[in-house]
Every structure is written in C-alpha cells, then in structure tokens.
Amino acid sequence: MNSKGWMRRELPLLLVVLVLIVIVVVIRSFKIPDTGRQNVAGLVLIGSRADHGWNESHYRGLLHACEQYGCVLLVRENVPEDEQLLSDAVHDLIGEGANAIYLTSYGYGKYADELARKYPQVAFFSISGRGETKNSTVYFARLYQARYLAGIVAGSESRTGLLGYVAAMPNAQTNRSINAYALGMRVANPKARLIVRFTGSWNDEEKERESVDRLADKGVDVITYHEDRSYAVKEAERLGLFSIGYDSVYEQYSDRFLTAVLYDWEAIYEKVMGDYLSGRANLPRYYWSDLSEQGVNLQPASPLVQDRTLAMVEQEEMRIRKGWDVFSGVIYDKEGTLRCAEDEKISDHELFTGMDWFVEGVEIDG
C-alpha cells in the first residue's frame, strides 16, 4: 500500500472529522444533567404567578416554552430578594428534580453565580448578574429600544412638556430604561423634562399611586412606570392623565393609554430553553433579545396619538432595526458631563451592569 498516496486521499476527510469533533465539544459546553429523564424547569418569582404583571408574564412565558419542549415546570412564588430565602427555594426545586433554574427578579442576580457553583450539574438562568460560572447564563431583552420609541410618543403628545416616571429603585435596569425614554422624549420635544420618583419597592400600590399624585401636582401630564404592577396607569386614568404601559397589558384602559413597552417572554424563553435542551446553553454570556429578534415591541398606539408622531416612531424604529444604537452619539448626563461622544456608543457591559447616571432632561424628585 502506498501510505503517502493514502494520506493524500484521506487527509481532507480526516480534517473534516477533526473539525466536527471540535465543534461538538465546544457546542456542548454545558450538558443536560441526565438526558435519560424528563427535563424539569424551576421558576422562582418575587411575587404571584397570577399578579397580572411582571411575575405572571414570566410564568406564562416559561410555561409556553415548557409546553413547546415537553418539560415539567415547578414554581416557587413570593420569594424575596434575600440570599437565604432564595437559596431555600432553589434547594427545594432541585430536590423535586429541577435541572434548570430560572431566576426572574433583579435582586436574585447577585446570588446566581454562587448558587451555580453550589449546584454544578444544574443550569442557572438569571435576568441579572454576571454569568461567570460555566452553568450560569444571564438572559434579558433590550427593552430600552422600545422605551426610546415610547419616549417619542410621550414627548410628542404631552401638552405641558413635563413627563412623569414611577420606578422601583435606581439600578442599571431601571436607569437605562429611564435614560432611553428621556432620549426619545427629547427627540420629540428638546425642551421636555422627565421627573422621576423612586418608590423603593417593586410592588407598593400606595407609594406608586402617591407618586403619580405628586407628579400630577407638578404639572406632569404623561405617566409611565417601571414596577411589577400597573398601579401607576390606574392612578393616571383616575386623574385623566395620559399614560404608557410596561411589560404586559392585561386590562382595557381608555384612549389616554397611549401605548406600552412590552417584552415577548414567550419568544425569549423559547430561545433560551431551546438552546439549553440542544446543549448550547452558556455559549453567550448574555442573551439580550432585541426588536429585530422580537424580544421587545411597542403596543399599537391609541387613536389619540397623532399621525406625525407615528411617522416619527416608525422612522426611529427602522433605524434601530438597521443597527443604530439608542445609546450612541453625543450624550450628556444631567450634570452636563459628556458620557458618549459623536463617534462612540455605550458598551453593553456598561448598559447591563453600570449606568449609575441619568441623561440631561431627567430630574429626580425626592
């Protein structure tokens, strides 16, 4: 046998086989713990799965994914952002057979990697955190893209030029949404101001309604919010103010409800769970679904929204879909410090884990 001739003939095939082996090893960076048994997803919620808000959105989204892929869903509700209580909930879910845990509240993220190290054969998915362990991944959506578009609607439709924003607490997630909303507001009305009130809680009806009342006293005529429930919209409706919703819409409001910024948790969970079940979990450190991937969208506008406003929104949405970044170009903070130059854009790392500042036009009340 001519060994050299054989090598020349077979070498290309051997190289292809070797490349395929390497690809398979890389793709399967985190394997399903036991492919011989049914996959069980564990969901941890800070509130009730039937709250008509943030928690119900996650529950419905993950339930949809489980039904698509034939997985069992286990749920722990009303788990505070407390390390021991979260650990207990996770321990119970794993004890019942969960091999993938989904942590759905912002404050859970700081414990996600520690839990992942404690249970190395379980996959952890968290909406915040760092995803620094092999079996831990962060997933979210670029809601700030929709917030920017909603800010255009609010800035254009406001009669007073004063807009109100009720938020739980300042962190990277809420701050980037506030900033994107304010940037959109200023596109429509460069002199508009956004007054923000923080309640210190994700779910406090009294404080949220009081915040809307206080903002109305200051002359605000458009209200939006970043909380688990839609109390701010209900109070705005009671006062006859315009409003813009967030996360989900489970109720019918008047035409003064201009639009809403929405996640599509069904699409997000279907993607994240599908990758996990295919052995592709943990390839990205972050899943950050955007408008083009249908992870976020804007609810169809109220009949009260003017045609020129809709045209402006459509134009800006097309720019985003073509790759333009909301946080790019010249951006100053409210103290006048340049945060982004003409030919720059703010990094995803800063948007996801930093952003402890607010753009010009934002005022913090209290």
Least to most buried among Y139, Y246, by other C-beta atoms within 10 Å and fewest first, runs Y139, Y246
Heads up, the range 327-366 by the C-alpha gyration tensor (a ≥ b ≥ c square roots of eigenvalues; a/c under 1.5 rounded, else a/b over b/c prolate, else oblate) looks oblate
Non-local residues with an amide H under 5 Å from the amide H of A141, with H modelled 1.01 Å from N and Pro and chain starts lacking one, are S289
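Taking the number of other C-beta atoms within 10 Å as the exposure measure, put Y253, Y225, Y276, Y287 in order starting with the fewest. Could the numbers behind the result be given before it?
Values: Y253 17, Y225 27, Y276 23, Y287 20.
The most exposed by this proxy come first: Y253, Y287, Y276, Y225.
Can you sort I94, I46 by how many other beta carbons sit within 10 Å, fewest first? Kindly include the intermediate steps, with their values, before the conclusion.
Details: I94 19, I46 23.
Ascending number of Cβ neighbours within 10 Å: I94, I46.
Kindly provide the Kirkwood hydrodynamic radius of the range 40-141 in Å, to one decimal, from all pairs of distinct alpha carbon atoms. Could the numbers behind the result be given before it?
Working: mean 1/r = 0.0755 Å⁻¹.
Computed over the range 40-141, the radius equals 13.2 Å.
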So, over other residues within a Cβ distance under 12 Å of R76, counting Lys, Arg +1 and Asp, Glu -1, the net charge is -3
Between the Cα axis of helix 205-217 and the main Cα principal axis of the chain, the angle (0 to 90°, nearest 10) is 50 degrees
Calc'd 3J(HN,Hα), the range 245-259, phi into Karplus 6.51 cos²θ - 1.76 cosθ + 1.60 (θ = phi - 60°), Hz, glycine/Pro = x, comes to x, 8, 6, 7, 10, 10, 10, 8, 10, 6, 5, 5, 7, 6, 5
Of the listed links K191/K234; K110/K271; K234/K322; K271/K322; K207/K345; K218/K345, those spanning more than 29 angstrom between alpha carbons are K234/K322; K207/K345; K218/K345
For the chain, the longest principal axis of the Cα atoms and the Cα long axis of helix 172-188 enclose an angle in degrees, to the nearest 10, of 50 degrees
Reduced to Cα centres, the span from the range 132-150 to the range 240-271 in Å works out to 18 Å
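To the nearest whole percent, what portion of all C-alpha pairs in the chain is separated by more than 29 angstrom?
Working: 29976 of 66795 pairs.
Taking all Cα-Cα pairs of the chain, the fraction more than 29 Å apart is 45 percent.
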Kirkwood-based Rg/Rh on the Cα set of the range 217-366 evaluates to 0.99
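Read-outs: derived from the displayed coordinates by stated rules, not from any lab. Note that the coordinates shown come from a computational prediction; the quantities given were computed from them, not determined experimentally. FYI the Cβ positions are ideal-geometry reconstructions off the backbone, even for glycines, and counts take in every protein chain you see.
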